[in-house]
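Step one of this worksheet: look at the structure below.
Computed from the coordinates by the stated procedures, all read-outs in this text should not be read as laboratory data. All values derive from a computational prediction rather than experimental measurement. Backbone-built Cβ (ideal geometry, glycine too); neighbour counts: all protein chains shown.
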Amino acid sequence: MSYSEVYESWKANPEQFWMEAAKAISWDSAPTKALTDKGDGLYEWFADAKVNTCYNAVDRHVEQGRGEQTAIIYDSPITQTKREISYVELRNRVATLAGALRAKGVEKGDRVIIYMPMIPEALEAMLACARLGAVHSVVFGGFAANELAVRIDDAKPKAIIAASCGLEPGRTVHYKPLLDGAIDLANHKPDFCVIFQREQEVAELVPGRDVNWHGFQYGVEPAECVPVEGNHPSYILYTSGTTGQPKGVIRHTAGQLVALNWTMKNIYNVDPGDVFWAASDVGWVVGHSYICYGPLIHGNTTIVFEGKPVGTPDAGTFWRVISEHKVKSFFTAPTAFRAVKREDPKGEYVKKYDLSCLKQVYLAGERADPDTITWAQEQLQVPVVDHWWQTETGWSIAANPLGIEELPTKLGSPAVPMPGYDVEILDEGGNPVAAGELGAIAVKLPLPPGTLPTLWNAEERFKKSYLNTFPGYYETGDAGMKDEDGYLYIMARTDDVINVAGHRLSTGAMEEVLAGHPDVAECAVIGVSDSLKGQMPVGFLCLNSGCETAHEDVVSQVVKLVREKIGPVAAFKLACVVDRLPKTRSGKILRGTMVNIADGTPWKMPATIDDPAILDEITTALQGLGYAKQ
Ligand code: COA
Ligand code: AMP
């Protein structure tokens, strides 16, 4: 069937389409019904089924004869380690870990926070939770203690599983002090913490609270897979919104199983047994869906890569891993390719490796600029697919579904909507606009299986953030257009979210930190274009009158403060002091105009601006930081 036939078959009977896809899952009790309409824009998929994620991702492959196949390849150029874990070993390790967690009181429905670097034990911890029906929440290692504390207070975990350290090039990330600091800051206290001691750093355990990963598993009874309801939360993953309080995106068990399994062949074009590699981090949605769950549910081999695209040790790392482990489909962020391209524009490293195993490449996380795609196409000589998705959706809204049909590539477009997504471009009044016209991108409800049903403990926020603006639609927060062929173009966010090196960050959260500095009276953070990271945050500070601290000291203090409060991942390094911020007469800061000035893109004087002269000062300040070039 062609893409259009598949898409139309979904549109003609969505529930039948997903019931058909559900046959690939091993159910304890199969769903009798696909969709439950809970009213008020809320839906659930396969709610009456009984199923276990870990069984589908691990045990069933052993039972079906894949026990000896490698499930996880750990490749760490940072520690110079390589290790393979077969499905049978994975089953045994996960069953024991789950048994140990159970012995300490973790049961179905309990939350467990996982704060770990890119090591196989991070996946094992996720799977052990899934085995028990416990709800995990993985926190990215680049966040500071304060961010971890916010997540502890929201998820209220019974346990936290952490590693002693993470390893960034040239720097050890001391997880344990961050963890201890977060627990001190949080109001909620976990019953216990499990610490995986890495060779590179042995952390001190807190007596009575911390247990050693190995020690606490000694002699325990392995746990069986606990069947859970189809609408049981599989995990909570926090993502940036407009405020400093992150949104707890929930994924339901059955929808995730059905949807991710469907994508592995239809979008990523891999068959069970093939090696699939997503070079991301388990702390992000890409890591949840395509380092851990998707490939394992589908019986693929997945790669846990602890390294960077450049500098570990060079710009050939990606190609070495692909060639050495026979990767068939490779997924990364455009920023990673830009980093490689910058160091190796002519692809000298590409030529050093036999990449005949590689059949296709996928990019997501931020807009893929045409130069990067063209470079990758020329170097790798395989289809390079830009696909668009969000933490909320868990899998791609739009893609080029190579496993169904290779559609023509249009540079700058992540191609066409996937089955399950009826995408419309809407004007401010919620009316669809004509092809080629810009508008807010919205998806007709219900969203497909595997997407968020609501936010953790925040149903009203869910409705306010996603459902209320355009009744009957899910508001993506992205703006863009559709062309005459139905190809989508994702141009910008409609909120205060920016995208730095493929990481989603809230300028609002950074503003909250800046505003906390005693000398700062008012502030704004914008995302300016960056040739490597896509966007970079820049802060503008208005100081209290009579402030005696030198401007450069305030700037360096706020840079430090953001690193301490949000974490290094915010990449907040640039700020300047200005007298006033440009505002509309009603007091709204003109962030969009500031971004245009910074990027040197054409802009019009906003009709509602209070005092146009302020923009001259902003321009001068930006020029001082190397932006706003004429
Ligand atoms: N734990 C702790 N700190 C981390 C971290 C982690 N897991 N990941 C990143 N950081 C730190 C970095 O060390 C860096 O710190 P620094 O300010 O001391 O240098 C900071 O956070 C910013 O990180 P990032 O923006 O990712 O830059 P980088 O220097 O680590 O790498 C590139 C940037 C250019 C190599 C980038 O191309 C890249 O690969 N980014 C990751 C893309 C990605 O996987 N996105 C996920 C969505 S698919
Ligand atoms: P995250 O939730 O971190 O995955 O970030 C999701 C956001 O990243 C989207 O809402 C988009 O703004 C952006 N994004 C992700 N993939 C793409 C893409 N292929 N093209 C353009 N923007 C993208």
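Observations
- Taking a point 7 Å out from the Cα of A458 in the direction of its Cβ, the residues of segment 243-279 whose backbone N falls within less than 18 Å of it are 243-252.
- Residue (of G41, N52, S86) at the positive-pole extreme of segment 1-88, dipole from beta-carbon charges: S86
- Centroid-to-centroid, using Cα positions, segment 221-239 and segment 4-77 are 14 Å apart.
- Average Cα contact separation per residue, the chain, under 8 Å, 6 or more apart, as relative contact order %: 12 percent
- Cα pair distances of segment 454-582 binned at 10 Å [whole percent]: 11, 33, 29, 19, 6, 1
- Close amide H partners of K33, meaning residues 5 or more places away or on another chain with modelled amide H under 5 Å apart, are D48.
- Given +1 at the Cβ of Lys and Arg, -1 at the Cβ of Asp and Glu and no other charges, the dipole of the chain around its Cα centre is 780 debye to the nearest 20.
- Amide H contacts of Y362 (H built 1.01 Å from N, under 5 Å, at least 5 apart or other chain): F330, F331, T332, V385
- Per-peptide packing, taken as the mean over residues of other Cβ atoms within 10 Å, places 587-594, 106-113 in the sequence 106-113, 587-594 from highest down.
- For segment 381-430, the set of GluC sites (Glu not before Pro) satisfying both a DSSP loop assignment and a count of at most 11 other C-beta atoms within 10 Å is given as E428.
- Within segment 406-556: Cβ-based charge dipole about Cα centre, in debye rounded to nearest 20 (Lys, Arg +1; Asp, Glu -1): 480 debye
- For segment 591-622 versus segment 306-333, the gap between their alpha-carbon centres in whole angstrom: 41 Å
- Three-way shape label, segment 464-531, alpha-carbon gyration tensor, a/c 1.5: oblate
- Under Karplus coefficients 6.51, -1.76 and 1.60, residue-wise ³J(HN,Hα) of segment 397-411 in Hz, glycine/proline x: 7, 9, 6, 9, x, 4, x, 9, 6, 8, 7, x, 7, 10, 4
- Gyration tensor verdict on segment 97-159 (Cα atoms; rounded if a/c is under 1.5, prolate if a/b is larger than b/c, oblate otherwise): oblate
- Top positive-direction residue, dipole computed over the chain with Cβ charges, set P222, L426, V385: P222
- Net dipole in debye of segment 165-297 [+1 Lys, Arg Cβ; -1 Asp, Glu Cβ; about Cα centre; nearest 20]: 400 debye
- Loop-resident GluC sites (Glu not before Pro) (DSSP state other than H, G, I, E or B) in segment 30-70 with no more than 16 further Cβ atoms inside 10 Å of their Cβ: E68.
- Label-point separation, T494 to E324 (7 Å along Cα→Cβ), nm: 4.6 nm
- Taking the average, over residues, of other Cβ atoms within 10 Å as the packing measure, peptides 554-564, 510-520 rank 510-520, 554-564 from highest down.
- Calculated from backbone phi, Karplus (6.51, -1.76, 1.60) coupling profile of segment 520-533 in Hz, x at Gly/Pro: 8, 8, 7, 7, 8, 10, 10, x, 9, 5, 9, 5, 9, 8
- Working from Cα pairs under 8 Å separated by at least six residues, relative contact order for segment 232-387 is 17 percent.
- With contributions of -39500 (n - 2.57) from each DSSP H run of at least four residues, the per-residue ellipticity at 222 nm computed over the chain stands at -8000 deg cm²/dmol.
- When the chain is reduced to its Cα atoms, the Kirkwood hydrodynamic radius in Å: 25.2 Å
- For the listed peptides 89-96, 573-580, a ranking on the average number of other beta carbons within 10 Å per residue, highest first, reads 89-96, 573-580.
- Amide H within-cut-off set for R198, under 5 Å, with H built and near neighbours excluded: S164, C165, A203
- Our coupling estimate for segment 294-307, obtained by passing each phi through the Karplus curve with A = 6.51, B = -1.76, C = 1.60 and θ = phi - 60°, is x, x, 6, 4, 8, x, 8, 9, 10, 10, 9, 10, 9, x Hz, Gly and Pro reported as x.
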